[in-house]
Amino acid sequence: MVNTWWEVKVLCDPSLEDTVFWRFDSFGSQGTSTQQRGSSCVVQAYFPQHRLELLDLSAMALLIKQDALCNDLVLPRISWQLIDEEDWSKSWKDHWKPEPIGDRFLITPAWLEPPADNQRLVLRLDPGVAFGTGNHPTTQLCLESLEMRLTYEKTDVTIADIGCGSGILSIGALLLGARRAYAADTDDLAIHSAVGNRTLNGLTEQQLPLLHGSLDTIAQTIDAPVDGIVCNILAEVIMDLIPQMHTIVTPDGWGILSGILLDQSKLVADTLEQHGWVVATLWRRQEWCCLNVRRSPA
Ligand SMILES: C[S@@+](CC[C@H](N)C(=O)[O-])C[C@H]1O[C@@H](n2cnc3c(N)ncnc32)[C@H](O)[C@@H]1O
């Protein structure tokens, strides 16, 4: 059980914001938020205390300052403090409002009601300590890709969600009409949070089996290949998973892959093509991209 958190604040030029998110993510942040402050912005992240030593925080600060220097930006001001669980939830809750994503979703914090005139699919979330609040560009790109695929093509599909975090992508797919989403994450805290979000959205264990593990765990669990894969993890992890991806999908299956920085997209696309996948589209937001892929005909 996590009781104490590092709250890290970076006051920086807005054009550094995305790089700061990326650095936070690579050090295992479990929740982020951003606010405008005049012509600057404050990017915040939360890390379970036991996961980061002071040395890690110093290294992260150094890397963020180097990022600013390399981009000719003013040096960011970086601070951190320990806060307890109650303060963590409160500061998180203060920042989080219902957020429309794509044409169909309204991501709604568990503690708020959606507006009375809402016409969108309400995806309720209590992120707990897991990544996946919908405010990161990669999550948004995945939800929008799912929306395109499941709104205009057949919806009665099964999917695998590798690196499910809060469960946001699986829940989104089920709200759009998917029949079942097998979701896996290597982090216990993510699974714990996804279990809560499954209940919050009125979904059953059968619709959304939550597994501690990764692609191989899903392979051992499914009784038939799935129609599609969603995977929003860093490019390095995705490239390790690509050689096994075909083992869990149908021969005409598809994939939605994000967590990939634009300058890594060619490397990931080449790896996909070497393993029997075709990149159909690349969607981009800020420095991030999302590859929509399908199995290449045999
Ligand atoms: C960037 S978050 C994505 C969360 C959510 N799917 C979203 O789109 O917002 C990546 C998640 O992948 C998990 N993860 C990292 N490496 C993994 C791996 N090899 N297999 C499964 N999950 C992994 C992390 O614990 C984290 O919860």
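The values are calculated or read from the model by the stated rules, or taken from the named source; none is laboratory data. Since this is a predicted model, take the numbers as computed values, not measurements. In this analysis, Cβ positions are derived from the backbone assuming ideal geometry, glycine residues included, and neighbour counts consider all displayed protein chains.
Residues in the range 192-213: is at least one under 22 Å from CYS289 (Cα atoms), assigned by the TED database to the domain that holds GLY228 and not polar (S, T, N, Q)? Checking the range 192-213: not a single residue is under 22 Å from CYS289 (Cα atoms), assigned by the TED database to the domain that holds GLY228 and not polar (S, T, N, Q).
Restricting the range 229-260 to residues that are under 20 Å from ASP18 (Cβ atoms) and surrounded by fewer than 21 Cβ atoms within 10 Å (Cβ to Cβ) leaves a set whose member that is farthest from the ligand (Cβ to nearest atom) is ALA235. Please tell me if LEU73 is assigned to a loop (DSSP other than H, G, I, E, B), more than 21 Å from the chain's Cα centre (by Cα) and touching a residue at least 60 places away in the same chain (Cβ under 8 Å). So LEU73 fits the description; yes. Considering only residues in the range 141-176 that are at pLDDT 95 or above and of a type in the set (Gly, Ala, Ser), the one that is nearest to VAL293 (Cα to Cα) turns out to be SER145. Among residues belonging to the range 173-190 that are part of a helix (DSSP H, G or I) and near the ligand (Cβ under 9 Å from one of its atoms), point out the one that is farthest from LYS154 (Cα to Cα). Checked the range 173-190; the qualifying residue farthest from LYS154 (Cα to Cα) is LEU189. Residue count for the range 143-172 under the criterion of being in a helix (DSSP H, G or I), among the small types (Gly, Ala, Ser) and in contact with a helix residue (DSSP H, G or I) (Cβ under 6 Å, 6 or more places away or on another chain): the result is 1. Being assigned by the TED database to the domain that holds ILE233, crowded, with 19+ Cβ neighbours inside 10 Å and within 14 Å of the ligand (Cβ to nearest atom) is a description that does not apply to LEU123. Being at pLDDT below 90 and not in a strand (DSSP E or B) is a property that does not hold for TRP5. If you go through the range 210-228 and pick out every residue that is surrounded by 19 or more Cβ atoms within 10 Å (Cβ to Cβ) and in contact with a Leu (Cβ under 8 Å, 6 or more places away or on another chain), you end up with 3. When THR271, THR204, THR250 are screened for being of a type in the set (Val, Ile, Thr), in a loop (DSSP other than H, G, I, E, B) and over 22 Å from GLY28 (Cα atoms), only THR204 passes. In the range 146-170, the qualifying residues are those that are surrounded by 24 or more Cβ atoms within 10 Å (Cβ to Cβ) and closer than 12 Å to ILE101 by Cβ, and the one that is farthest from the ligand (Cβ to nearest atom) is LEU146. One residue stands out in the range 143-192 among those that are touching a Phe, Trp or Tyr at 6+ places or on another chain (Cβ under 9 Å) and polar (S, T, N, Q): the one that is farthest from LEU215 (Cα to Cα), namely SER145.
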